[in-house]
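K.L.:
Quick one: structure below, then a few questions.
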Amino acid sequence: MTDSAKFDTLLVESRVFKPIKEFSKGAHIKSMAAYRKMYNESVRAPAKFWGKVANEFHWFKKWKKVLDWKEPHAKWFVGGTTNISYNCLDRHLTTWRKNKAALVWEGEPGDSRTLTYQELHREVCKFANAMKNVGIKKGDRVIIYMPQTPEAAIAMLACARIGAPHSVVFAGFSANSLKDRILDTEATAVLTADGGFRRGNIVPLKASADEAIAECPSVKSVIVLRRTNNEITMKEGRDHWWHVLMQTASADCPAAKLGSEHPLYILYTSGTTGKPKGIVHTTGGYMCGTYLTSKYVFDLKDEDTYWCTADIGWVTGHSYIIYGPMLNGATSVMYEGAPNHPGPGRFWEIVEKYKINIFYTAPTAIRAFMKWGDEHPNSCDLSSLRLLGTVGEPINPEAWMWYRNVIGKKKCPIVDTWWQTETGTIMITPLPGATPTKPGTATLPFFGVVPDVVTPDGESVGPEGGGLLVVRKPWPAMLRTIWGDDKRYRKQYWSDIKGCYFTGDGARKDKDGYVWIMGRVDDVINIAGHRLGTMEVESALVAHPDVAEAACVGIPHEIKGECIAAFVTMKGENRKNVALEKELGQWVVKEIGAIARPDYMRFSAALPKTRSGKIMRRLLRDIASGSDQVGDTTTLEDVSVLQSLQQYQDE
Ligand code: WTA
């Protein structure tokens, strides 16, 4: 789908679904009037609003000032000290929630574990001490490269407990990607496992970690969880088994008293240029933001069993598997594996097994389920579900309707939540008991969020106008900087539109003020809800000794939303070559990870460029999408390049 086609499908969407009466009755926010009132308060007096939220938490020392804003730097709850691990765990231990399930975990092979708040607290304290015992201390960066196991959650909460910022690296990333992240954070420790399960296979995590760490002199200690029992090598003096350290670790570990702006984590995400950016999130503001969004967007109640299917390697896993739900004292379900292992009904079997009430997933998964067939969800009892959510990319109205009808049986509200790694929390979203929804739009801003759709000059567009999505006011969970590169932070987010945070997304506001996200306006591709810069894939390709030049573009894909089309100029011959396509595909997997493997590859002696030498990606997109007509070619330097690429396609 080209951008204009996307625009068209959205424009014809006119269905409106009013909140379900029964749902509204029991919801935290019961009506639009209630939403409006609270929203207005939140933007009129943000310090009062967020101060009240922060008061629900434990502070070792109370803050002096709610917000200190010097564009583009925000400090929230200045002067206060707290600990998010304490507020996720210890705070519940003096209440009836002490023995409530905090984490319900399902392993891919079918094993399962439940940890109550008390049990999770004990494990976190012990592991925090285990880390201290190998020399990890406050301020040290700790890389977490682990399968989706309870220990991954324990590791995050233990890091937070001692004030060692964690940086979770998605277990699907290659040794190379891991290395880049270790080098950029200058981490002193890596937490990993012998392996992880993926569709029944073992992903050799420790072997990749060894390869990466060999080139990272900052790493002093490695802690290894035993998960898959595959053979690995342990390096004397550097590597420690998780279970061995835990045997002697004390369960007494008071939470560190951390400044509200103490860095909680660094999470890497793709941008348009260069290496992924280390997004820095801090403590107090992030705590308030993840808590409040979880409560109101998911209408979270103590009785709920809540399941977010994300991976902890992405921001959704941070904010909405771990921190947000646990700050609410909720029961959070975590699943280790693939949605279609051992069969395409796995997610629905999990919903039935744990009687899931709230289910949060991504449009790419929904499209895959649609393709796999209704019989899988239909053969499970999904009657426990009361709310459905989606995140990661624009959801096409057809998938939205399927989600509503087949999964929600028309009785569950859908919350389409727009946000980013940078925003830390959900920003634009319906509130399930209040907001009338329309398939394909994330609707209206959450409390305290002031988004706008503007022209490149920063002027608000009128109703039905399209433009750039910005945020006009600071919010508590916003990113604070890019790790080690504040200049890039300013340039990337605060220089395009004066006085605003620029999201990189294009959007349209309809007559009701609903925001319709149109996708990225830059060279970031959204593959199955995962952001990847075209630059990263191009750099990986060009790193191959036989490749002279490469250009990558995103093209529509039925399930993944978008996929990568790569145009490559080899140093030698340039013809269709299936073996070479495969080799380069594997090369990219090794450099970045399997999500970056191009779905489409063409070899060409030259790439279409403007006279000033800029690759014309727009034309490549047209060619790769198989459209007969390519756009304006008047600025093209050499038209024959285009012709040869088009003929290639006809072969
Ligand atoms: C896109 C994921 C439309 C958007 C939490 C954004 C969405 C990028 C939605 C962030 C949505 C996310 N509707 N588009 N509901 N949610 N996006 O950093 O382009 O992995 O800028 O954060 O995903 O991706 P990220």
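The values are calculated or read from the model by the stated rules, or taken from the named source; none is laboratory data. Given the structure is predicted, the values throughout are model-derived calculations rather than measurements. Note that we place each Cβ from the backbone using ideal geometry, even for glycine, and neighbour counts take in every protein chain shown. The accessibility values were calculated without ligands, DNA or RNA, using every heavy atom of the protein model including side chains. Shrake-Rupley method; radii C 1.70, N 1.55, O 1.52, S 1.80 Å.
K.L.:
Could you state the number of Å between the C-alpha centres of region 343-361 and region 19-91?
P.N.:
Centre-to-centre distance over Cα atoms comes out at 31 Å.
K.L.:
Still on this structure: Reachable aspartates and glutamates from Lys25, Cα under 18 Å, same-chain residues fewer than 8 places away excluded?
P.N.:
The reachable aspartates and glutamates, counting only those whose Cα sits under 18 Å from Lys25, are Asp299, Asp302, Glu303, Asp304.
K.L.:
Taking the Cα centre of the chain as origin, sum charge times position over the Cβ atoms of Lys and Arg (+1) and Asp and Glu (-1), and report the length of that vector in debye to the nearest 20. Don't skip to the answer; put the middle values down first.
P.N.:
Numbers: 82 positive and 73 negative charges, 543 e Å.
Magnitude of the dipole: close to 2600 debye.
K.L.:
Something else about it: Please give the Cα centre distance for region 554-575 versus region 283-310, rounded to the nearest Å.
P.N.:
For region 554-575 versus region 283-310, the Cα centre distance is 38 Å.
K.L.:
Oh, and also: Specify the inter-centroid distance of region 601-651 and region 244-261, based on alpha-carbon positions, in whole Å.
P.N.:
Measuring centre to centre over Cα atoms gives 58 Å.
K.L.:
Still on this structure, I have one more. Show the residues, 5+ positions off or on another chain, whose built amide H is closer than 5 Å to the amide H of His240.
P.N.:
Amide H neighbours of His240, under 5 Å, 5+ apart: Val222, Ile223, Val224.
K.L.:
Right, another one. Can you check what the net charge comes to around Trp419, using other residues whose Cβ is under 13 Å from the Cβ of Trp419 (Lys, Arg +1; Asp, Glu -1)?
P.N.:
Numbers: positive: Arg531; negative: Glu393, Asp416, Glu422, Asp505.
Net charge around Trp419: -3.
K.L.:
Suppose each label sits 7 Å from its Cα in the direction of the beta carbon; what would the Arg36-Lys52 distance come out to in nanometres?
P.N.:
Reported label-point gap for Arg36 and Lys52 is 1.8 nm.
K.L.:
When the accessible area of region 50-160 is split by element with a 1.4 Å probe, what percent falls to carbon and sulfur? It would help to have the intermediate numbers written out before the result.
P.N.:
On the way: 1980 of 4150 Å².
Answer for region 50-160 is 48 percent, counting heavy atoms of protein chains only.
K.L.:
Provide the per-residue ³J(HN,Hα) series for region 370-375, in order, calculated from phi with Karplus coefficients 6.51, -1.76, 1.60 and θ = phi - 60°, each as a whole number of Hz, with x at glycine and proline positions.
P.N.:
4, 6, 5, x, 5, 4
K.L.:
In region 529-573, which GluC sites (Glu not before Pro) fall in coil by DSSP and have 12 or fewer other Cβ atoms within 10 Å? List each step's numbers first, then the result.
P.N.:
Numbers: sites: Glu536, Glu538, Glu549, Glu558, Glu562, Glu573; in loops: Glu558, Glu573.
Qualifying residues, ordered by number: Glu558, Glu573.
K.L.:
Given N residues in region 488-596, what is Rg(Cα) / (2.2 N^0.38 Å)?
P.N.:
In units of the globular-protein estimate, region 488-596 measures up at 1.32.
K.L.:
Quick one: compute the contact order of region 290-441, relative version, from alpha carbon pairs under 8 angstrom and 6+ residues apart, as a percent. Intermediate values should be presented prior to the final figure.
P.N.:
On the way: 263 pairs, mean separation 36.1, N = 152.
Computed over region 290-441, the figure is 24 percent.
K.L.:
Do the alpha carbons of any pairs in Lys30/Lys295; Lys30/Lys473; Lys98/Lys301; Lys75/Lys138; Lys301/Lys411 sit beyond 22 Å of each other, and which pairs? Could you put the intermediate results ahead of the total?
P.N.:
Values: Lys30/Lys295 13 Å; Lys30/Lys473 26 Å; Lys98/Lys301 16 Å; Lys75/Lys138 20 Å; Lys301/Lys411 18 Å.
The answer is Lys30/Lys473.
K.L.:
With point charges of +1 on the Cβ of Lys and Arg and -1 on the Cβ of Asp and Glu, referenced to the Cα centre of the chain, which listed residue (Ile266, Val415, Thr290) lies farthest in the positive direction of the dipole?
P.N.:
Sorting the options by dipole projection puts first Thr290.
K.L.:
Taking 0.36 nm per residue of sequence separation and subtracting the Cα-Cα distance, how much length would be gained by fully extending the chain between Arg113 and Lys301, in nm to one decimal?
P.N.:
Working: separation 188, 0.36 × 188 = 67.68 nm, distance 2.20 nm.
Here the segment from Arg113 to Lys301 would lengthen by 65.5 nm.
K.L.:
Another question about this same structure. Roughly how many debye, to the nearest 20, is the charge dipole of region 46-172 about its Cα centre, given +1 on each Lys and Arg Cβ, -1 on each Asp and Glu Cβ, and no other charges?
P.N.:
Numbers: 20 positive and 11 negative charges, 180 e Å.
The calculated dipole for region 46-172 is roughly 860 debye.
K.L.:
In addition: Which value, in debye to the nearest 20, gives the size of the charge dipole of region 479-615 about its Cα centre, when Lys and Arg are +1 and Asp and Glu are -1 at the Cβ? Each step should come with its number before you reach the end.
P.N.:
Working: 22 positive and 19 negative charges, 83 e Å.
The calculated dipole for region 479-615 is roughly 400 debye.
K.L.:
Could you state the accessible area per residue of the chain in Å², with a 1.4 Å probe and every protein chain left in place? Walk me through the numbers on the way to the answer.
P.N.:
Numbers: 25020 Å² over 651 residues.
In whole numbers, the chain has 38 Å² accessible per residue.
K.L.:
Here's a follow-up. Which of the pairs Lys371/Lys491; Lys62/Lys179; Lys590/Lys614 have their Cα atoms more than 30 Å apart in this structure?
P.N.:
Where the Cα-Cα span goes over 30 Å, the pairs concerned are Lys371/Lys491; Lys62/Lys179.
K.L.:
Along Cα→Cβ, 7 Å out, is where each label goes; now give me the distance between the ones at Thr248 and Glu211 in nm to one decimal.
P.N.:
Result for the modelled spin labels: 3.4 nm.
K.L.:
Tally Lys and Arg at +1 and Asp and Glu at -1 over the other residues with C-beta under 14 Å from the C-beta of Lys220: what net charge comes out?
P.N.:
Details: positive: Lys132, Lys137, Arg141, Lys235, Arg238; negative: Asp140, Glu186, Glu236, Asp239.
Its environment carries a net charge of +1.
K.L.:
If you average the sequence gap of Cα pairs under 8 Å that are 6 or more apart and divide by the length of the chain, what percent do you get for the contact order? Please list the in-between numbers first.
P.N.:
Numbers: 1410 pairs, mean separation 86.3, N = 651.
Once normalised by length, the contact order is 13 percent.
K.L.:
Cα to Cα, under 14 Å, and not fewer than 8 places away if on the same chain: which aspartates and glutamates meet these conditions relative to Lys220?
P.N.:
Asp140, Glu186, Asp210, Glu236, Asp239
K.L.:
Quick one: net charge around Pro474, please, counting Lys, Arg +1 and Asp, Glu -1 for every other residue with C-beta under 11 Å from its C-beta.
P.N.:
On the way: positive: Lys70, Lys75, Arg472, Lys473, Arg480; negative: Asp68, Glu71.
The answer is +3.
K.L.:
Write down the percent of antiparallel bridges among all DSSP beta bridges whose residues are both part of the chain, to the nearest 5. Don't skip to the end; give the middle numbers.
P.N.:
Working: 62 of 100 bridges.
Among the beta bridges of the chain, antiparallel pairing accounts for roughly 60 percent.
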